[in-house]
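Take a look at the structure set out below.
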Amino acid sequence: MPTIGFALTVAVRFLREGRFQSLLIIVGVAVGVGVVTYISALIDGLQGNTIRRTLGTQAHIVVKQIEERAVPSLRAADSNIAREIQPRAQRTRSIDNWRAMMAEMQSTPNVVAATPIAAGAGLAVRGEASRSISLVGIELEGYDRIVALREKVVGGIARVAPGEAMIGLQLAQDLGVGLGERIVIRTGGEASDNYKIIGIFDLGSRELNRRQVYVSLKSAQSLLNIPGGVTNIYASVSDLFGARETAQRLKARTGYEIESWMESNAQLLSALNAQSISTGIIRGFTAIVVMLGIASVLVVSVVQKRKEIGILRAMGATRWQMTQVFLMQGAIVGLIGSVLGVLFAHLLILLFMTFARGGDGQPLFVIALQWQLSLKVAVIATICGVLAAATPARRAAQLDPAQAIRL
Amino acid sequence: MTAVADFARPPILELRALRKSYNIGTPIEAEVLHGIDLTISRGEFVALIGPSGSGKSTLLNVIGLLEPMTSGDYILAGQSVAALDDAALTLCRGNTLGFVFQFHHLLPAFTALENVLMPSLIRSGTFSASERARGLELLSRVGLREAANKKPGQLSGGMQQRVAIARALARNSPLVLADEPTGNLDTHSADEVFALMRQFNLEEGTTFLIVTHDPRLAARCDRIVELVDGQIRRPASWTGTDS
């Protein structure tokens with residue numbers, strides 16, 4: 001039984017014999033693979049970065065109160081009656097039975113952490129200055145697991161003991177307060193309370209830094225007049241893109257109003273999708289161009305090597321063995337080209353990290369070429385090489401040995 | 001002694017009413033071989049002569065299983081090849097036949113020794129130590145032991161043709177087909193190459209069928225088959241030409 005040894009030996013010799021051609025085609029593959037790998041890593045890095053930034057201050061899954069609806073006492077079918085139903089104004093209410101819901105969420109697969117939130121609108125007042133704020137009552141431990149608040153503290157400490165509040169950089173500026181100073185927080189009714197600024201944070205967004213004020217869950221509950229209640233449950237998941245499904249499953253099972261980051265950031269998500277599709281198109285076309293390159297060089301090689309193919313056939317090489325010789329050349333070119341291409345991509349990434357820096361001198365974002373991606377690219381390039389060689393290989397196999405030798 | 005006496009030995013090949021046409025089914029259909037009957041016995045050393053266009057190369061290609069015949073029967077080493085498919089023909093070719101071509105057709109990317117071992121490489125994907133030893137021995141016997149690791153480009157035409165002969169014998173093929181093996185060599189090299197083939201014929205019993213234009217060499221063969229216009233001329237005047 002003829003083994004692969006013949007094909008491998010002859011393929012390597014043929015490639016080495018056509019030195020310049022082989023070099024050209026391998027460089028072609030390397031450039032194609034390098035660009036595809038670089039772009040893939042770049043887009044992965046960019047998307048990862050975007051998602052990280054977006055989700056850095058958001059929960060992956062949020063449980064909300066069920067909206068209150070006006071229930072008309074007259075049936076809609078009765079068309080003789082003119083009526084107009086006004087939507088109800090939504091009060092700040094607690095989620096019913098939220099402890100049970102928390103437990104339910106924590107036992108749901110894909111959910112890593114869940115924490116209660118009591119949030120509502122308010123005013124932060126200091127002397128003459130007052131700013132409207134979004135008051136968020138949290139349990140620091142649980143909240144930190146979801147939003148990593150501790151990492152974002154730029155002054156003071158992260159703590160929400162009774163009578164203490166954490167505010168954003170911009171709000172501190174607007175109110176002209178510093179650490180240890182006091183502000184008054186008012187909410188809807190007559191409720192108001194006095195807080196010491198214990199920490200100042202930077203959430204990476206001016207808007208959030210201006211609005212977000214963290215206090216303890218208990219303080220918020222009393223300010224918002226929902227003693228013992230919570231307005232939201234925040235949860236984080238391990239599989240980011242499974243968040244929508246997890247949320248829908250929970251919603252179906254419990255009947256609560258549950259939204260994932262994928263719904264609240266639908267636009268971002270579709271932008272990311274569009275980006276992924278564009279990258280896919282670039283990858284696809286690059287693969288096609290590279291394959292055409294390999295195929296055309298091998299077609300020429302078949303013509304050049306007609307005599308040799310004829311001799312090999314005369315000496316007992318089967319059509320399938322001749323096919324293998326050329327498929328093997330495609331595979332070798334794909335493999336060597338992709339290894340060089342991955343190295344080339346590493347170089348491009350290094351250049352990017354060195355030269356594309358933001359105002360602070362740090363790289364715009366971190367791209368890392370993971371070995372899984374490199375391996376995947378190498379395997380795909382090798383398969384592409386074999387596919388590209390299919391037509392030339394078939395030609396080589398179809399060659400009539402008698403005619404080939406006569407030339 | 002005449003060729004007829006060789007019928008005592010078993011035939012290596014028999015052609016019966018063999019016909020070969022090109023471009024079948026087209027307006028330019030042409031029959032090149034018009035019913036060839038030919039028997040060659042094991043161990044014979046036969047010259048195939050004839051003017052250009054007489055069909056010598058076509059006949060050699062059909063015998064070499066490189067081209068299919070159109071009709072008739074062809075029994076090679078006891079096996080009828082008429083009904084074999086491409087894979088079976090290739091196997092049969094590899095096991096039975098060795099080739100020496102006019103333009104020595106070595107593979108330029110491989111050394112002389114590798115060229116000699118190529119039939120083994122084709123068959124098993126590698127070559128054993130004993131095959132390698134046999135290859136080196138063959139190269140010694142054609143006087144090229146020193147050139148074993150040289151590429152064909154570094155060898156003269158005569159040397160290349162001697163490597164080609166060693167290759168044709170590498171797998172002990174019982175029948176070697178040579179298409180004008182001395183066609184583009186000077187007289188001295190031609191004599192050397194011819195003598196080598198004769199030597200292998202006598203020492204190993206290899207059957208040779210040699211297409212040649214050179215009457216001087218043809219005269220030194222056991223038997224001469226003359227092809228004229230696609231038919232074998234009755235051998236009256238040629239058989240029995242002994243050197």
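Out of the stretch A:134-165, which residues are within 11 Å of A:G199 (Cα to Cα) and within 30 Å of the chain's Cα centre (by Cα)? So that I can check it myself, show each step before the final result.
Filtering the stretch A:134-165 for residues within 11 Å of A:G199 (Cα to Cα) gives A:149-150, A:152-160, A:164-165.
Listed by number, the residues that qualify are A:L149, A:R150, A:K152, A:V153, A:V154, A:A158.
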Within the stretch B:59-85, the residues that are at the interface with chain A (Cβ under 10 Å from one of its Cβ atoms), open to solvent by less than 40 Å² (accessible area, probe 1.4 Å) and out of contact with any Asp or Glu (no Cβ under 7 Å at 6 or more places or on another chain) are B:V62, B:G64, B:L65, B:L66, B:E67
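State whether the residues of the stretch A:120-134 include one that is within 14 Å of A:A59 (Cα to Cα) and either of a type in the set (A, V, I, L, M) or buried (at least 18 other Cβ atoms within 10 Å of the Cβ) (or both).
The first filter runs over the stretch A:120-134 and keeps only residues within 14 Å of A:A59 (Cα to Cα), leaving none.
Looking for residues that are within 14 Å of A:A59 (Cα to Cα) and either of a type in the set (A, V, I, L, M) or buried (at least 18 other Cβ atoms within 10 Å of the Cβ) (or both), one finds none in the stretch A:120-134, hence no.
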Options A:I226, A:I332; residue that is open to solvent by less than 60 Å² (accessible area, probe 1.4 Å), away from chain B (no Cβ under 14 Å) and closer than 28 Å to A:R395 by Cα: A:I332
Which residue is most open to solvent (accessible area, probe 1.4 Å), if the candidates are limited to the stretch A:50-68 and must be part of a helix (DSSP H, G or I) and touching a residue at least 12 places away in the same chain (Cβ under 8 Å)? A:R53
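Against the condition assigned by TED's automatic domain parsing to the domain that holds A:V160 and open to solvent by less than 40 Å² (accessible area, probe 1.4 Å), how does A:V29 come out, does it pass?
Working: assigned by TED's automatic domain parsing to the domain that holds A:V160: no; open to solvent by less than 40 Å² (accessible area, probe 1.4 Å): yes.
Against the criterion (assigned by TED's automatic domain parsing to the domain that holds A:V160 and open to solvent by less than 40 Å² (accessible area, probe 1.4 Å)), A:V29 does not qualify.
When you scan the stretch B:88-109, how many residues do you find that are in a helix (DSSP H, G or I) and either open to solvent by less than 20 Å² (accessible area, probe 1.4 Å) or not polar (S, T, N, Q) (or both)?
Taking the stretch B:88-109 as the starting set, the residues that turn out to be in a helix (DSSP H, G or I) are B:88-96.
Next, from what is left, pick out any that are either open to solvent by less than 20 Å² (accessible area, probe 1.4 Å) or not polar (S, T, N, Q) (or both): B:88-94, B:96.
Final tally of qualifying residues: 8.
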I want to confirm something. Restricting to the stretch B:27-52 and keeping residues that are open to solvent by 20 Å² or more (accessible area, probe 1.4 Å) and within 14 Å of chain A (Cβ to nearest Cβ), which single residue is farthest from the chain's Cα centre (by Cα)? B:V32
Go through B:G135, B:G157 for me and flag whichever is open to solvent by less than 40 Å² (accessible area, probe 1.4 Å) and closer than 18 Å to B:D191 by Cβ. B:G157
Tell me which helices (runs of 4 or more DSSP H) are completely within the stretch A:161-249 and hold 3 or more residues being over 17 Å from A:R126 (Cβ atoms), or say none if there are none. A:206-211, A:217-223
When A:T354 is evaluated against the numbered criteria (1) open to solvent by 10 Å² or more (accessible area, probe 1.4 Å); (2) among the polar types (S, T, N, Q); (3) at pLDDT 90 or above, which criterion, by number, is the only one it fails? (3)
Does A:L292 qualify as being more than 14 Å from chain B (Cβ to nearest Cβ), touching a residue at least 24 places away in the same chain (Cβ under 8 Å) and open to solvent by 40 Å² or more (accessible area, probe 1.4 Å)? yes
Tally, over the stretch B:86-96, of residues that are at the interface with chain A (Cβ under 8 Å from one of its Cβ atoms) and in contact with a Leu (Cβ under 9 Å, 6 or more places away or on another chain): 3
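Residues are listed down the side, and each one gets a yes or a no for (1) open to solvent by 40 Å² or more (accessible area, probe 1.4 Å); (2) away from every other protein chain (no Cβ under 14 Å); (3) in a helix (DSSP H, G or I):
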residue	(1), (2), (3)
A:F20	yes, yes, yes
A:L23	yes, yes, yes
A:V35	yes, yes, yes
A:I43	no, yes, yes
A:G48	no, yes, yes
A:P72	yes, yes, no
A:A82	yes, yes, no
A:P87	yes, yes, no
A:P109	yes, yes, no
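The values are calculated or read from the model by the stated rules, or taken from the named source; none is laboratory data. Computed from a predicted structure; not experimentally measured. Cβ atoms come from the backbone with ideal geometry, glycine included; neighbour counts cover every protein chain shown. Only protein heavy atoms, including side chains, enter the accessible area calculation; ligands, DNA and RNA are left aside. Shrake-Rupley method; radii C 1.70, N 1.55, O 1.52, S 1.80 Å.
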